[in-house]
Amino acid sequence: MRAVVTVIGVDKTGIIAKTSGLLANNDINILDITQTILQDLFTMVMLVDIDKSKIGFGELSKQLEELGAELGVEIRVQHEDIFKSMHRI
Amino acid sequence: MINISTNEIVETIKMIRDEHLDIRTITMGISLLDCADEDANRACQKIYDKITRYAKDLVKTGEIISNRYGIPIINKRISVTPIALVAAASKTDNYVQFAKTLDRAAAEMGVNFIGGYSALVYKGMSKSDEYLINSIPEALCSTNMVCSSVGVATTKAGINMDAVKRMGEVICDTAELSANQGSLGCAKLVVFANPVEDNPFMAGAFHGVGEGDCVINVGISGPGVVKSALEQVKGCDFGVVAEVIKKTAFKITRMGQLVAQEASKMLNVPFGIVDLSLAPTPEVGDSVAYILEEMGLEKCGTHGTTAALALLNDAVKKGGVMASGYVGGLSGAFIPVSEDAGMIAAAECGALCLDKLEAMTCVCSVGLDMIAVPGDTPASTISGIIADEMAIGMINQKTTAVRVIPAIGKDVGDSVEFGGLLGSAPIMPVHKYSSEEFISRGGRIPAPIHSLRN
């Protein structure tokens, strides 16, 4: 199963390192990563493979949210299908 | 990468985070026809057992889906076969016990509403229908989550004016009985013309007899998203406005379709329909009235409002219908006054009156919804309001409904607070001239000529 991790907020040192660290620790492979500044906000989008994840989706979502709070950004993880279904026929 | 641009991903997140996009409800429809029993206690037990067996994973499933896709699913609800049909076999005239059973089952399942304490009496009333209607005030005031609806008119059958008269009285009695809660009981009671059997929204949801044993219906929302999309096309002509609404409705509905399919798969229950309705909440930024104002009206309710709503309602359907395999329910724009910050503001400043709302119901889904009127409004006036609304539904071959709250002890200038999604409503004036003689005639208003199609 593939999911999309998004980080939105004010840019600072270590966002990518800490987010990818958390993912690596849980055996979640990053398939692709893009980052950009959209409407003055740092926006990072990662496509990840969570098939081998050591933790369930709910727990991953919780841990990323906590990391986001620590870094002062919003981090969320969503199944890729929500974006596919909304933007592609 | 997944062939989806960062912009598109951010657009989805923005809809959810800033524009209140959510799935309003996953509603499980359960047939209770096989629970009928001569013995009322046994019938109640069967009802409780069946609901708690079928819906045991409903709330949990909703939460898992919500988590997986990062989309809030606000309500998990249950609708059941109209109780007047189920209870008809039981040798009792005390139907309140059926309402209490539904309430107990709903509480056990963790859902926030259960609909179907209902009767369909378009053409006439059986004994069972009478018992149920008589019991509505007590049933709604002695339960927390039970919602009731009564169908009193259809295009095919005409309007049962005896039932219209009776429902005016029932609404007044329900208001009296729940006076200490701002007449909240009436917020859980809907009178319908052309009721639909697969509506997932409360208070009017019930599981029709044409439905299967169990079904999953999903109601989407998203007035905030439409409003925000329209902000990008200020000053453009109506062709552009309609196009923007269609595209937005398509995206929103796709999300509803995804959630519905997923819920259906996980619960192993057939997927019924996605209801495309734009359902407002009292949150600022989640208002249908503000969409109409975004189109250029200074206040919702002024001249042009009906036209704006007609465009909105039609464009939502056109956009949504391609996004889902099965569209049903009410599917359109809701205009509940107390649940919409913009409607409340418009009613408070006098821009929006009952007559304008009635006109608006000709072009959108549902009808006069969550409207508070003075507590001393006569039952015959309430019946008059119902009769007008039923006539609109009957002639225009559409669903219309009335959910009015005579707020006991309150008058124009006051407001009544319901809390939560039900919001608060300013008391709106009603016409002072009597409908008494008209309503007391009774009988039926015959079906209109266009019902004779065979």
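Just to confirm a number: summing +1 for Lys and Arg and -1 for Asp and Glu over residues other than B:T143 whose beta-carbon lies under 13 angstrom from that of B:T143, what do you get? For residues surrounding B:T143, the net value is +1.
For B:K127, the shell of other residues with beta-carbons less than 12 Å away shows a net charge of -2, using +1 for Lys and Arg and -1 for Asp and Glu. Solvent-free Debye calculation, one equal scatterer per alpha-carbon of chain B: log10 I(q)/I(0) at 0.10, 0.11, 0.13 Å⁻¹ equals -0.67, -0.82, -1.16. A helix-only calculation puts chain A at -11000 deg cm²/dmol for mean residue ellipticity at 222 nm, using -39500 (n - 2.57) for each DSSP H run of at least four residues, averaged over all residues.
Looking at the P(r) of the stretch B:18-63, how many percent of alpha-carbon pairs lie beyond 17 Å?
On the way: 505 of 1035 pairs.
Of all Cα-Cα distances in the stretch B:18-63, 49 percent exceed 17 Å.
Here, the protein assembly as shown has an Rg and a Dmax of 24.2, 78 Å when only alpha carbons are counted. Counts of other chain beta carbons within 10 angstrom of each beta carbon in peptide B:8-20 average 4.
Find the centroid of the Cα atoms in the stretch A:1-45 and in the stretch B:175-191, then give the distance between the two in whole Å. Here the answer is 50 Å between Cα centres.
Can you tell which of B:A351, B:F250, A:G21 lies farthest toward the positive end of the dipole of the protein assembly as shown, using +1 and -1 charges on the Cβ of basic and acidic side chains (Lys, Arg; Asp, Glu)? Selected residue: B:F250. Within 10 Å of the Cβ of each residue in B:63-76, the mean number of Cβ atoms contributed by other protein chains is 3. When you work out D = kT/(6 pi eta Rh) for the stretch B:89-178 at 4 °C and 1.567 mPa s, using the Kirkwood radius from C-alpha pairs as Rh and the Stokes-Einstein form, the result is 95 µm²/s.
With semi-axes defined as the square roots of five times the eigenvalues of the C-alpha gyration tensor, the equivalent ellipsoid of the stretch B:158-230 measures 27, 21, 14 Å, largest first.
Computed over the alpha carbons of the stretch A:2-87, Rg followed by Dmax gives 12.2, 35 Å.
Taking all protein chains together, B:I47, A:I55, A:I16 sort by accessible area into A:I16, A:I55, B:I47, largest first [probe 1.4 Å]. Can you compute the FRET efficiency between A:I55 and B:S440 using 1/(1 + (r/R0)^6), with r the Cβ-Cβ distance and R0 = 56 Å? Round to the nearest 0.05. The formula returns an efficiency of 0.25 here. Computed with a 1.4 Å probe over protein heavy atoms only, the accessible area of B:F238 comes to about 130 Å². Of the complete DSSP H runs in chain B, those spanning 30 angstrom or more by Cα along the long axis with a mean Kyte-Doolittle score not below -0.5 are B:238-267.
Taking amide H as placed 1.01 Å from N in the peptide plane, B:I335 has its amide H under 5 Å from the amide H of B:G367, each at least 5 places away in sequence or on another chain. Using the rule -39500 (n - 2.57) for each DSSP H run of four or more residues, divided by the residues of chain B, the 222 nm mean residue ellipticity is -13500 deg cm²/dmol.
If you add up the charges near B:A379, with Lys and Arg at +1 and Asp and Glu at -1, over every other residue whose beta carbon is less than 13 angstrom from its beta carbon, what do you get? Please report the intermediate quantities before stating the final value.
Working: positive: B:K165, B:R166; negative: B:E169, B:D173, B:E176, B:D376, B:E436.
So the environment of B:A379 carries a net charge of -3.
The stretch between B:C353 and B:A242, if pulled fully straight at 0.36 nm per residue, gains 37.3 nm over its current Cα-Cα span. For the stretch B:320-437, the spherically averaged projection of the C-alpha convex hull amounts to 8.4 nm².
The values are calculated or read from the model by the stated rules, or taken from the named source; none is laboratory data. Quick caveat: nothing in here was measured; it's all calculated off a predicted structure. With ideal geometry, Cβ positions are generated from the backbone for all residues, glycine too; neighbour counts draw on all protein chains shown. Surface areas here come from the heavy atoms of the whole protein model, side chains and all, with no ligands, DNA or RNA. Shrake-Rupley method; radii C 1.70, N 1.55, O 1.52, S 1.80 Å.
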